[in-house]
Amino acid sequence: MTALEGDPDHPITRGVACSRGRRIRERTESPDRILHPLKKVAGRWQRISWDQAIDEIAGRIQHILATSHHHAILHVYDWGSGTLLKNLNQRFFYELGGCSETVGSLCWDAGLTAQTYDFGQARSHSPQDLANARRVVVWGRNLSVTNMHMVPFLKAALASGAQLAVVNPLPTDLDGRAALCVHPRPGTDGALALGVLRVCRDNGWLETSFLQKHSVGWDEFAATLELYTLEWVSQETEVPAATIVELARWYGTEGPVATLLGIGLQRYAGGGNAIRAIDALAAATGQVGVAGGGVNFANRWMTEFLNQAALEGRDGADVREFTRGGQAAEILRADPPVELMFITRTNPVVQVPDTEALVRAYRTVPTIVAIDQFMTPSAELADYFLPCTTVLEEEDISLSTMWHPYITYAHRVIPPRGEARPDHEIFGALAEKLGFGAVFRRPLEEWFELSLTPLQPWGVSLDRLKRDGTVRLPLAEVPWVDFRFRTPSGHYEFASETAAKAGQSRVPTYVANRESRARSRQSGADYPYALLTIHPRTSQNSQHRSWPHTPEFPTVYISPDLAAEVGVVDGGLAQVRTDRASVTARVAVRPGGHPYTVMLESGWWNNGRGTNHLTPQARADFGVQTAQYDCACAIRPV
Ligand SMILES: Nc1nc2c(c(=O)[nH]1)N[C@H]1C(S)=C(S)[C@@H](COP(=O)(O)OP(=O)(O)OC[C@H]3O[C@@H](n4cnc5c(=O)[nH]c(N)nc54)[C@H](O)[C@@H]3O)O[C@H]1N2
Ligand SMILES: Nc1nc2c(c(=O)[nH]1)N[C@H]1C(S)=C(S)[C@@H](COP(=O)(O)OP(=O)(O)OC[C@H]3O[C@@H](n4cnc5c(=O)[nH]c(N)nc54)[C@H](O)[C@@H]3O)O[C@H]1N2
Ligand SMILES: [Mo]
């Protein structure tokens, strides 16, 4: 390959490749990539042929189907590659009659569920619409790190006079540009938003026409705001009362206000309710359904324009569900027990909370097959390693429902290295042995066309997508302009019957952290600080820590106040300890932010240790979502 650059004609990236994009090449060409099938024999990896690998694994499947049940086969997967054809991975297991598989999310399900209660669906404004905002609130989103292609849209809005507020316990790159910085104690955003909304209500800063015409449940919800006095909210969030009032002024007095919500703030015991509280704040102050406004968390609207279910083919399959966060315990108590496990597009040993418990469970599985490009810590536990291609070596269509509304045709730019194969070819070869090879022999064009069928009325064909490279899905720039919401009532729901039926509070409420508590610092508890294990700056989750090379120590970021309190210095070593494990890390002292919040990036692995050794296996309130940021820690010098 000669060069990898951003596409100057792409409406979002506009010629700039992010560091993760640029490193796809590095990953593809890496000398550490595994390029041949491997089998573990007497504890050591040996190279084997594809024929042998496929024969033996298909043989295991046949044996299990004959002597046990398809539920004894577990597919552990996630969206480490989010292209369309990857849905065929699931299809293979459904074609067996069924399987066990992981569901739920380590990522964003509490927030998606929250917005489903409120709006009926999580929808985002087009990035271009940010130009219409007078005020932008970046609330728990690490924009310059995890969403750098949004930054030019923000800068343009600021250049034409918009103002920026940042709500984040940690200092962020954007703080210097912000007119207002709010540093709440982690996990208290629900209380903050409800307190801010109460101030808005008490000052008459509400959009009454929206409340009357387009919403239900306001009075029921508003009555609960009595609980959230300025004094109590300030104490709970550790945000000064004047700052809370200032944030209320932002939402209540001059719009439109665009809220860019991150995903981090819903990985708490009360994470789903926190998103509902912020939705309610924006809705009640008139920021919903207007250009330059919105509560932008995700863009699930896109899923309606792509028929991914046709590729997955789940209809009729008998699936036993394990949760991504709780799989360790679920594997240990499974009946029938798991006899064969496949790991595809995920690195659970590094990314799933409570690593120790997960590894213990995986060690009880008789046969594990890992499909990956690298020998990750998860693949290390396997019995077979099957090497797959990277996105540069396969044809596919890429999409993400996280924010912008574009899909891209990803041409194959180089032939596969070594003996690597696309996932669908690996499953195709297994299917041939098992007697349903025809399913996977379909030309790729047919799968693409099938999934693009919902776009036919808009004249978007496979040919056009291939020719243009990128196509904008036919979503409006501004969601909910007609105020026809997707909820059962058709209105915005401050009180939700759907939430109540799921056993939740009907109205947004504040649910305190399970583990990381404010009072623990005063009470001299064992774990007095909050530990945030956020997404890494230079890697996509664990993907660009090219195994097996990692720095000697991870970096732990703390405030000057905390450094003084525990007696550690910048550049020194510290031990970060939680109820589950401890990790030695290099200290970086940074001013700004909530002083008693400790930050250690996720995604790294070092001498058999990673961030998620420290984090708890816990559920957020809504959906099936992990609460790994709700984590208390202690820190001391080494
Ligand atoms: N460089 C890079 N980019 C990525 C990824 C990556 O790994 N690396 N991963 C991708 C994926 S899978 C995802 S899901 C997205 C995630 O994108 P983000 O949502 O931006 O990522 P997070 O790192 O989870 O957290 C975002 C911010 O939330 C803040 N935060 C944590 N707890 C709280 C809280 O209680 N309240 C408030 N107000 N803020 C809080 C953190 O300090 C952090 O700055 O990024 C995507 N982009
Ligand atoms: N403590 C803590 N834990 C977290 C998070 C956090 O912020 N803090 N973030 C959470 C979030 S938001 C997410 S989304 C998850 C991510 O969790 P994972 O999806 O497990 O994370 P990745 O590191 O992206 O792992 C993807 C794996 O898929 C492989 N892969 C890439 N392309 C392909 C392909 O085409 N085929 C196959 N078979 N394999 C492929 C990669 O080499 C890599 O090993 O982690 C969650 N865990
Ligand atoms: Mo994610």
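The values are calculated or read from the model by the stated rules, or taken from the named source; none is laboratory data. Predicted model, so just to flag it, every value in this text is computed and none were measured. Note that each Cβ is placed from the backbone with ideal geometry, even for glycine, and that neighbours are counted across all protein chains shown. Calculation scope for accessible area: heavy atoms of the full protein, side chains included, ligands and nucleic acids excluded. Shrake-Rupley method; radii C 1.70, N 1.55, O 1.52, S 1.80 Å.
List of remarks:
- Within the accessible area of the range 299-420, the carbon and sulfur atoms contribute 48%, probe 1.4 Å, all protein chains present.
- A simple spin-label model places pseudo-atoms 7 Å from Cα toward Cβ; at residue 56 and residue 177 they are separated by 5.4 nm.
- Here's the picture: charge each Lys and Arg Cβ at +1 and each Asp and Glu Cβ at -1 in the chain, and of 255, 481, 447 the one pushed furthest to the positive end of that dipole is 255.
- Angle between the chain longest axis and helix 271-284 axis [Cα atoms, degrees, rounded to 10]: 50 degrees
- In degrees, nearest ten, helix 423-434 long axis to first principal axis of the chain (Cα): 40 degrees
- Compared with the alpha-carbon gap, the fully stretched path from residue 564 to residue 482 is longer by 24.1 nm at 0.36 nm per residue.
- Between helix 189-202 and the chain there is an angle of about 30 degrees, using the helix long axis and the longest principal axis of the Cα atoms.
- For the peptides 41-54, 163-176, the ranking by mean Cβ contacts within 10 Å, running from highest to lowest, is 163-176, 41-54.
- Taking the Cα centre of the range 25-92 as origin and assigning +1 to Lys and Arg Cβ atoms and -1 to Asp and Glu Cβ atoms, the resulting dipole is close to 80 debye.
- In this simple spin-label model, placing a label point 7 Å from the Cα along the Cα-to-Cβ direction at both residue 501 and residue 231 gives a separation of 4.2 nm.
- Potential lengthening between residue 470 and residue 79 on full extension [0.36 nm per residue; Cα-Cα distance subtracted]: 138.7 nm
- Taking a straight line from the alpha carbon of residue 86, these lysines sit under 27 Å away, with near neighbours fewer than eight places off in the same chain left out: 39, 40, 433, 466.
- Mean residue ellipticity at 222 nm, helices only, the chain: -8500 deg cm²/dmol; runs of at least 4 DSSP H residues each add -39,500 (n - 2.57), and the sum is divided by the number of residues.
- Centre-to-centre separation between the Cα atoms of the range 384-433 and those of the range 219-249: 49 Å.
- Think of the chain as having a plus end and a minus end, set by charges on the Cβ of Lys, Arg, Asp and Glu; of 355, 435, 456, 355 sits farthest toward the positive end of this dipole.
- Percent antiparallel among DSSP beta bridges (both partners in the range 529-637, rounded to 5): 70 percent
- Cα-Cα pairs of the chain separated by more than 50 Å (percent): 10 percent
- Backbone N within the range 164-183 under 20 Å of label point (7 Å from residue 253 Cα along the Cβ vector): 164-167, 178-183
- Comparing Cα centroids, the range 296-343 and the range 268-292 end up 29 angstrom apart.
- Only the Cβ atoms of Lys and Arg (+1) and of Asp and Glu (-1) were treated as charged; on that basis the dipole of the chain about its Cα centre amounts to roughly 800 debye.
- Farthest towards the positive end of the charge dipole of the range 529-637, among the residues 597, 572, 632, is the Cα of 572, using unit charges on the Cβ of Lys, Arg, Asp and Glu.
- Residues 466, 501, ordered by accessible area of protein heavy atoms at a 1.4 angstrom probe radius and largest first, appear as 501, 466.
- Alpha-carbon Rg/Rh ratio, for the range 529-637, with Rh computed the Kirkwood way: 0.96
- Residue-count net charge about residue 490 - beta-carbon cut-off 14 Å; Lys, Arg +1, Asp, Glu -1: -1
- Cβ charges +1 (Lys, Arg) and -1 (Asp, Glu), total dipole of the range 529-637, debye: 260 debye
- Total formal charge among the other residues, if their Cβ is under 14 angstrom from that of residue 590, Lys/Arg +1 and Asp/Glu -1: -3
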